[in-house]
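In what follows, a single structure is set out as structure tokens and then discussed.
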Amino acid sequence: WSSDVCSSDLIIWRGAPTGKNERINFCKKYYNNYNNYNIGLSCVFKHHSNLEYLLKPEMTIEQMREYKYIVSIEGNDKDSGINWKLASNSVVIMKKPTIESWLMESKLIPYVHYVPLNENMDNLDEVYEWCLNNEDKCIEIIKNATEFMNNFRNMEIENKLIQQINHDYRSEEHTS
């Protein structure tokens, strides 16, 4: 967590207003807190034209990785950026995942792989304060998240995971 990699102590989030309005509500709550957060929508759709005031400039992954803290919010499906966020050198902040993909999000543990938001995601101020006061723990969380993601870089482990998923899926099919 060196200053040359993560130069900003702010919390970053960018994304589209997809899902069950969680992303929109999150932006509405935290958009204007420029002291601690850089949070905003990266685009709006025609039916969301009233949300243009929540727009902030789009950012590349490389630009977002300059922040020590990155928020992950599910949209219509899993957060499409969760993979790179967990593999970044930043602390991932998110509520407990509700969507399971090949990434096995249910295996992610709060305060081990990410710093948890509550169900309504309205406690970012407290989470940010915790992160600032627990830098050593944050560094450990980053290491654990990176290690978790390293499981998906090893083809032998990846093949075992695919076999396990197939086995679990077939087992569930027979019990339903």
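Find out how many positive minus negative residues lie around TYR111, taking Lys and Arg as positive, Asp and Glu as negative, among other residues whose Cβ is under 12 Å from that of TYR111.
Residues near TYR111 contribute +1 overall.
Would you work out which of PRO57, ILE141, PHE26 lies farthest towards the positive end of the dipole of the chain, given +1 charges on the beta-carbon of Lys and Arg and -1 on that of Asp and Glu, about the Cα centre?
Looking along the dipole axis, the top candidate is PRO57.
Could you order the peptides 79-86, 16-23, 49-56, 104-111 from most to least packed, using the average number of other C-beta atoms within 10 Å per residue?
With the highest mean Cβ count within 10 Å placed first, the list reads 79-86, 16-23, 104-111, 49-56.
Could you give the angle, 0 to 90 degrees to the nearest 10, between helix 155-175's Cα long axis and the longest principal axis of the Cα atoms of the chain?
It is inclined by approximately 80 degrees.
In the structure shown, do any of LYS107/LYS160; LYS28/LYS56; LYS29/LYS95 have a Cα-Cα gap over 20 Å, and if so which?
none
Tilt of helix 124-133 relative to the longest C-alpha principal axis of the chain, in degrees (0 to 90, nearest 10)?
80 degrees
Within the chain, what whole-number % of the accessible surface is contributed by carbon and sulfur, with the 1.4 Å probe and all protein chains included in the calculation?
Looking at the chain in its full context, I get 47 percent from C and S.
Magnitude of the Cβ-charge dipole of the chain, K/R +1 and D/E -1, about the Cα centre, nearest 20 debye?
360 debye
The values are calculated or read from the model by the stated rules, or taken from the named source; none is laboratory data. Remember, it's a predicted structure, so these values are computed and weren't measured experimentally. Here Cβ is always computed from backbone atoms with ideal geometry, including for glycine, and neighbour counts include all displayed protein chains. Surface accessibility is based on the protein's heavy atoms, side chains included, excluding ligands, DNA and RNA. Shrake-Rupley method; radii C 1.70, N 1.55, O 1.52, S 1.80 Å.
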